[in-house]
Amino acid sequence: MKSRKILIVGAGFSGAVIGRKLAEQGHQIHIIDRRTHIAGNCYDARDEKTDVMVHTYGPHIFHTDNEQVWNFVNQYATMMPYVNRVKATVNGQVFSLPINLHTINQFFKKTCSPTEAKALIAEKGDSSITDPQSFEEQALRFVGKELYEAFFKGYTIKQWGMSPAQLPASILKRLPIRFNYDDNYFNHKFQGMPKDGYTKMVEGILDHPNISVALDTQFQMQDREGYDHVFYSGPLDAFYDFQYGRLGYRTLDFEKFTVEGDYQGCAVMNYCEQSVPYTRITEHKYFSPWEQHEGSVCYKEYSRACEENDIPYYPIRQVGEMALLEKYVDLAEKEHDITFIGRLGTYRYLDMDVTIAEALKTAETYLAGLEQENAMPVFTVSIR
């Protein structure tokens, strides 16, 4: 097969994984990124003062049921066991999340068995809501007013900048309650943290003689010339110079502070009350429990509307945004020799494992297309 020249825009997981798989098949890969570092929002680095590994753009915890993805990341990192156990401060008390039997008993001052707790929550839920349409209705239907107002309402308003009554029920996809004492935040089969950090992992993925990387490099339209194909992981609306307007995102601000010793005794403490301006505090040394540090680095995390010079984190994907997205998708589908990838290129929130799985699939699709002389699609996933 003739070697192709490939340009990849973005040195995060999407670009790095696609680049690696194509490089292994003999293609020449050039990756550019406007930032001064690789790994995108998964970038981490050691704090100079404490030597704690800090997740610069907020914490990333690897969790998946996809064995192919788990095997892939284990080629490039030693994955250490890690279980995410989240706590929440509400009404002057600390509770365990997700809501579980301990939370229920503590909150309602009961000693319920699993069966008794199920009956209690069924009694608290609003059974008159038969077809929940909003996040608020979904929560009231399944957890009741007290738990909803304590754990969901204020946090959701802070996170999304709007009332839960305006958000779709699908955000609260399933009953967010466990009727046992399991406080493992994720249910996935494989969970862990890379021993030497995500930056080192991505560095390993990019370490191939057929891959070159240029950082602090902004993509320009003329960059497409001279390449057989482009994989673009930047914002879809930015590619078209925002000609229809900007797609809506939430962004995050982090207030970093350091302390001696231990600040909060856990990695993540949510603050569910609207009166507290931040959504959570993360203590980064707890993401590397195999290390010992005298000092500690913490982030207070604030969510707000994303503006022009901010880093986009969470796509809003409300009705108005989806109408705007349609316009950009229509433009994109007229393109050739380019594929939009990743969370920004497809305007979807993606966990790391899904990002990697989609990148592996995209690389497979491209290679199969070369063999069968099929055109590479502009999108390899449905994003409408």
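The values are calculated or read from the model by the stated rules, or taken from the named source; none is laboratory data. All values reported here derive from a predicted model rather than from experimental measurement. So basically every Cβ, Gly included, is an ideal-geometry build from the backbone, and we count neighbours across all protein chains shown.
Results for (1) part of a loop (DSSP other than H, G, I, E, B); (2) out of contact with any helix residue (DSSP H, G or I) (no Cβ under 9 Å at 6 or more places or on another chain), shown as yes or no for each residue.
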site	(1), (2)
I281	no, yes
K285	no, yes
E291	yes, no
C298	no, no
A357	no, no
G369	no, yes
### Query
Residues that are surrounded by 22 or more Cβ atoms within 10 Å (Cβ to Cβ) and in contact with a helix residue (DSSP H, G or I) (Cβ under 8 Å, 6 or more places away or on another chain): which helices (runs of 4 or more DSSP H) entirely in the stretch 101-155 hold 2 or more of them?
101-108, 135-142
### Task
Give the residue, chosen from G10, G15, that is in contact (Cβ under 8 Å) with a residue 12 or more places away in the chain and at positive phi.
G10
### Task
Examine the stretch 374-383 for a residue that is touching a residue at least 40 places away in the same chain (Cβ under 8 Å), part of a helix (DSSP H, G or I) and over 19 Å from Y57 (Cα atoms), and state whether such a residue exists.
no
### Query
Do the conditions hold for F186, that is, is it over 30 Å from S3 (Cβ atoms), outside any helix (DSSP H, G or I) and over 23 Å from the mean Cα position of the chain (by Cα)?
no
### Query
Does V259 qualify as being β-branched (V, I, T) and under 30 Å from T362 (Cα atoms)?
no
## Note on the structure
Requiring at least 3 residues that are among the hydrophobic types (A, V, I, L, M, F, W, C), under 25 Å from E294 (Cβ atoms) and touching a helix residue (DSSP H, G or I) at 6+ places or on another chain (Cβ under 7 Å), the strands (runs of 3 or more DSSP E) wholly within the stretch 1-98 are none
### Query
Of (1) surrounded by fewer than 21 Cβ atoms within 10 Å (Cβ to Cβ); (2) part of a helix (DSSP H, G or I); (3) in contact with a Lys or Arg (Cβ under 8 Å, 6 or more places away or on another chain), L325 satisfies all except one. Which?
(1)
### Message
I'm told M193 meets every condition in (1) under 17 Å from the mean Cα position of the chain (by Cα); (2) part of a loop (DSSP other than H, G, I, E, B) except one. Can you identify the failing condition by its number?
### Response
(2)
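Residue by residue, here is whether (1) touching a Ser or Thr at 6+ places or on another chain (Cβ under 7 Å); (2) more than 30 Å from V17 (Cα to Cα) holds:
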residue	(1), (2)
P132	no, yes
R141	no, yes
Y148	no, yes
W160	no, yes
A165	yes, yes
Y198	no, no
E203	no, no
### Of all residues in the stretch 328-384 being in the same structural domain as R224 (by TED's automatic domain parsing) and of a type in the set (F, W, Y), the one that is surrounded by the most Cβ atoms within 10 Å (Cβ to Cβ)
F340
